[in-house]
Amino acid sequence: MKIAIVCYPTFGGSGVVATELGIALANRGHEVHFVTYRQPVRLELLNNNIFFHEVHVPEYPLFHYQPYELALSSKLVDTIKLYDIDLLHVHYAIPHAYAGYMAKKMLEEEGIFVPMVTTLHGTDITLVGKHPFYKPAVSFSINQSDIVTSVSESLKQQTLEIFEIKDKIEVIPNFIDERKYGVSFTDCQRANMAKEGERIVTHISNFRKVKRIPDVIMVFDKILKEIPAKLIMVGEGPEKEKAERICEELGISANVIFLGNSNEIDKILCFSDLFLLPSETESFGLAALEAMINKVPVISSNTGGIPEVNVDGVTGYLSGIGEIGEMAANAVSILKDDLILEKFKQNAFKEARKFDILKVLPLYEEVYEKALKERFKNA
């Protein structure tokens with residue numbers, strides 16, 4: 001099968017999921033074409049079945065904002081025709097499903113019918129989609145897709161509450177590739193991050209408001225009052241400076257390490273003891289899953305799709321949004337005893353294995369086959 005994938009090529013969860021999915025599909029023998037404005041972060045073109053097509057957006061004085069959707073839809077038309085693409089899989093309703101629909105209509109004028117699968121990841125629904133300026137376009141894009149999937153049951157329900165959706169949405173969860181983890185890194189020395197006897201707590205995100213970065217710092221401050229520890233903050237974003245300022249005000253800057261963006265998440269997690277995710281909302285909680293496959297238990301908020309990943313009292317603990325005291329107490333209860341910590345680590349790893357890509361990939365292939373059947377009906 002020849003599949004064109006459209007995604008954001010960034011560190012964010014949707015881009016990572018789309019890229020890993022494409023790589024896995026290529027390893028299964030499918031021909032995969034990534035179409036986006038930059039090579040995706042995790043994409044390595046060392047596979048005969050993987051292709052990357054860059055979308056160039058020409059600059060014209062006429063446009064105050066350059067029309068990426070127009071450039072993307074045109075690039076999709078060219079790519080689909082040139083490589084005889086069977087199916088289009090777009091990640092995010094806006095702008096990707098919107099541009100995909102325009103490409104489909106242009107192709108249909110030439111008698112070419114290509115089905116489009118749209119995967120909803122969260123922000124396109126919970127933030128962009130709810131905005132009155134964008135809601136009609138998001139609703140239109142979803143309903144014009146041949147098949148729509150969401151990464152969690154929670155996101156599916158949110159979508160149905162916000163929009164009038166004609167066809168059902170299929171839930172296909174996010175995933176991890178178990179074979180990429182469990183590696184012993186010779187350069188992974190805890191001493192580089194923490195002193196002997198200190199626990200290592202980690203947070204990874206894009207440092208947006210929805211991640212409740214101040215809560216991460218305040219939870220850690222309470223942990224630090226009970227247990228010697230270091231906090232590793234991975235990522236970049238608008239809340240980073242505020243987080244650094246709070247650390248200074250609390251007098252804990254020496255115990256908090258800001259690493260910025262990193263392509264070596266597994267190396268960071270391999271020496272972590274606990275993961276903090278107190279988000280306002282998460283469509284799925286991919287960062288939590290990546291922590292769990294590295295045997296790192298999770299302290300998180302009980303919101304969105306997180307409870308579908310983090311099992312309360314088993315792989316970590318769930319608390320209400322903003323329940324800083326409870327989150328800290330739960331964290332201490334895990335970290336204070338080596339045997340308890342080891343039990344949670346093993347439970348986290350066992351639960352994460354349920355989301356291995358080899359279990360999830362066939363679900364996408366079934367969706368593709370279903371979409372192709374519709375294509376042949378229309379051809």
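The table that follows gives values for the structure above.
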| quantity | calculated |
| --- | --- |
| One residue from G237, G305, G313, G322 being outside the structural domain of L120 (by TED's automatic domain parsing) and in contact with a Ser or Thr (Cβ under 6 Å, 6 or more places away or on another chain) | G305 |
| The stretch 151-173 residues that are exposed (fewer than 14 other Cβ atoms within 10 Å of the Cβ), paired with ones that are among the small types (G, A, S) and not in a loop (DSSP other than H, G, I, E, B) (beta carbon under 7 Å, 6 or more apart) | E164/S139 |
| Odd one out for L43 among (1) out of contact with any Phe, Trp or Tyr (no Cβ under 9 Å at 6 or more places or on another chain); (2) in a loop (DSSP other than H, G, I, E, B); (3) under 26 Å from G260 (Cα atoms) | (1) |
| Answer from I321, I293, I268, I306 - the residue that is closer than 23 Å to K225 by Cα and β-branched (V, I, T) | I321 |
| Breaking point among (1) touching a Pro at 6+ places or on another chain (Cβ under 9 Å); (2) farther than 30 Å from L120 by Cβ, for R245 | (1) |
| Filter result for I299 (within 23 Å of K222 (Cα to Cα), touching a residue at least 60 places away in the same chain (Cβ under 8 Å) and β-branched (V, I, T)) | yes |
| Out of I334, I268, sole residue that is in a helix (DSSP H, G or I), touching a Gly at 6+ places or on another chain (Cβ under 9 Å), in contact (Cβ under 8 Å) with a residue 40 or more places away in the chain and over 16 Å from D221 (Cβ atoms) | I334 |
| Considering residues of the stretch 237-251 that are assigned to a loop (DSSP other than H, G, I, E, B) and exposed (fewer than 15 other Cβ atoms within 10 Å of the Cβ) only, the residue farthest from the chain's Cα centre (by Cα) | G251 |
| Top-ranked residue of the stretch 37-59 - restricted to ones that are crowded, with 20+ Cβ neighbours inside 10 Å and within 17 Å of the chain's Cα centre (by Cα), ranked as farthest from P95 (Cα to Cα) | L43 |
| Residues satisfying the stated conditions in the stretch 273-287, i.e. closer than 18 Å to K211 by Cβ and modelled with pLDDT of 95 or more | L274, F275, L276, L277, P278, S279 |
| Pairs with Cβ under 7 Å, 6+ apart, first in the stretch 30-58 and closer than 14 Å to A4 by Cα and not assigned by TED's automatic domain parsing to the domain that holds D266, second surrounded by fewer than 16 Cβ atoms within 10 Å (Cβ to Cβ) and modelled with pLDDT under 80 | F52/L45 |
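The values are calculated or read from the model by the stated rules, or taken from the named source; none is laboratory data. Source: prediction; values computed, not measured. Reconstructed Cβ throughout: ideal geometry from the backbone, glycine too, with neighbour counts over all protein chains shown.
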